[in-house]
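J.: Shown below is the structure under consideration.
Laboratory data are not the source of any read-out in this text; all were calculated from the coordinates shown. Predicted, not measured: the structure shown is a model, and the values here were computed from it. Neighbour counts run over all protein chains shown; Cβ positions are idealised from the backbone, glycine included.
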Amino acid sequence: MVLKPQTPTDDYDSPWKEVLEHAFPEFMDFYFPEANAAIDWSKGYSFKNTELRQVVRDAELGKRFADALVQVTLLDGTEGWVYIHIEVQGEPESQFPKRIYTYNYRLFDRYNRPIASFAVLADQNEHWRPDHFGYDILGCRHRLDFPIAKLLDYATQADALEDHPNPFALVTLAHLRTGQTRHDPEARYQAKRTLVRLLYKRGWERQRILDLFAVLDWMMRLPDGLEQKLWQDIDQIEGETQMRYVTSVERLATERGLQKGMEQGMQQGMQQGMQQGEIVLLERLISKRFGALSSESRARLESATLEQLELWAERILEASDLDEVFSNH
């Protein structure tokens, strides 16, 4: 049996929120077309991050991998707030529908506005499909039904996703390919390269390409060797398309990294210089007061921190012997 190298730990969650904010109408159109058809996009929309944070701070009910609160206007003129919750986890979680319900009623209670809740489920269990929460007691009934989009449902539509113009088709395909290639780095590399080519093939504007590449790059992590190989492929793709977007950002990041490294190197050099100066001074003082240093004492000086050296230098003026200088008290 040949053991294949593992891909780095996958992380699906962080990119979702950013791409959601940059392409919210497309998000609704792709995952929730019925609701999307009822929204008057000509009136614009606005994210209510401050309002959402206030409710989240008051009711911390577990990890939310990505969520957003958006104000939209419906075609009938009604203003409504849309609460989007993206749940990304490997196993079903019993408290999930309760969280949707709780945020819905807390938002309604605080702002007195109708709230529509939607959930994207990106777990790997095809049978887990929570779409409601409620209870019935003594004739009183409370229930919230909310639409869900299950990413696993798109697994049989890979060809259609590749041809689909909506950016969330590409995000969904990247998510599926990440799960399918979890234990096969070479297959992950091939899939990621294909998705990058699709990204440039769409002819999107620069910022959208950068946003979506960030999602692909975050989801589909590769071992260092294959990562370097992919960057060579990207350089070739950008040369063919005459769109130097991603590699230009990488070069900028590299330049910033080099500059930061130089600054850190200078600081480290200054620190080391000060430390070496303290060692030389202590060696002279110790030799004058207590005689020649033993190899053990010299090794102790060499391994000490700058703070320890400064402390020992203060002690040496009053210490009766070397043990008192090096004392831990």
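J.: For GLU205 and GLU302, FRET efficiency with R0 = 45 Å and r from the beta-carbon atoms, rounded to 0.05?
T.: Efficiency, from the Cβ-Cβ distance: 0.20.
J.: Let me ask something else about it. When you count, for each residue, the other Cβ atoms within 10 Å and take the mean per peptide, how do 227-236, 93-102 rank with the highest first?
T.: Details: 227-236: 14.1, 93-102: 17.3.
Taking the mean over residues of other Cβ atoms within 10 Å, the ranking is 93-102, 227-236.
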